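What follows is a set of notes on a single structure, which appears directly below.
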Amino acid sequence: EVAAIPQVTTFRTVDCTALEAVRANLGVSPLPVFVRALAEVCRDHPVLNARWDGDRILLFSEVRVGIATDTERGLVVPVLAGAGSRGIAEIAAEIARLADAARSNALTRDDTVDATIAVTNTGSYGSEFGTPLLNPGHAVTIALGVIAPRALVIDGAVEARPACTLSLTFDHRVLDGATVGRAFGALVELLQSRERLDALPR
């Protein structure tokens, strides 16, 4: 079934200065902040949180994020439910619980079903970016690359700032390039805004 999905991957560089400041202030990794920001963008761009169902597109009101997790048994994708109604600290705690359960083979069925969008943190093992594959039933998978100093042009001058590459793979039956471009741009804008990140539920 995966081979039948017309998959396209697009990339964006993100200035992570604001993201790093917010996550350090909250004492969490970048991933929970990213997941909460993604849920916020799905509210304004619901086609990200969708799936192809034979001959129609299904949109979902609840954002259920599959979190790719490395275990001794291979890759497992537990599901963080209700991402759009949780604060960042609660998301961080739930990601930690799901990861521990995945690695100890203690996930319940409810922990593993009905994801509507997926995230993989390729940066956790130093990768700058990747081209994530879609699981059947997801229209979008996003890979978060390693956050590291990069030379960025800021107001016409080159500065070293923490940055990462986001890789977004999408099902071309559900989304086209222009739609993805607008949604991806909105996500990048949110991640680069200290004011907007600070406004997310904590």
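The values are calculated or read from the model by the stated rules, or taken from the named source; none is laboratory data. Treat the numbers as computed from the prediction; the structure is a model and nothing was measured. Note that each Cβ is placed from the backbone with ideal geometry, even for glycine, and that neighbours are counted across all protein chains shown. Only protein heavy atoms, including side chains, enter the accessible area calculation; ligands, DNA and RNA are left aside. Shrake-Rupley method; radii C 1.70, N 1.55, O 1.52, S 1.80 Å.
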Computed about the Cα centre, the charge dipole of the chain from +1 Lys/Arg and -1 Asp/Glu charges at the Cβ has a magnitude in debye, to the nearest 20, of 100 debye
Taking alpha-carbon centroids only, segment 3-63 lies from segment 142-202 a number of Å equal to 10 Å
Against the 2.2 N^0.38 Å rule of thumb, the C-alpha Rg of segment 54-94 sits at a ratio of 1.48
With a 1.4 angstrom probe the carbon and sulfur portion of accessible area for the chain, in percent, totals 50 percent
For the pair Arg202 and Ile154, the simple spin-label estimate (label points 7 Å beyond Cα toward Cβ) gives in nm 2.4 nm
Percent of all alpha-carbon pairs of segment 104-163 at distances over 16 Å, whole number, is 63 percent
Two pseudo-spin positions, 7 Å from Cα along C-beta at Arg103 and at Thr71, lie apart in nanometres by 1.2 nm
Largest fluctuation, Pro162, Pro32, Pro78 only, Gaussian network model of the chain with Cα springs under 10 angstrom, belongs to Pro162
Taking Lys and Arg as +1 and Asp and Glu as -1, residues besides Pro162 with C-beta under 10 Å from its C-beta add up to 0
Subtracting the Cα-Cα distance of Ser193 and Ala21 from 0.36 nm times their residue separation yields 60.9 nm
Percent antiparallel among DSSP beta bridges confined to the chain, rounded to 5, stands at 85 percent
The local net charge around Gly145, scoring Lys/Arg +1 and Asp/Glu -1 for residues other than Gly145 whose Cβ lies under 11 Å from its Cβ, equals +1
Charge tally for neighbours of Phe60 with beta carbon under 13 Å away, counting Lys, Arg as +1 and Asp, Glu as -1, is 0
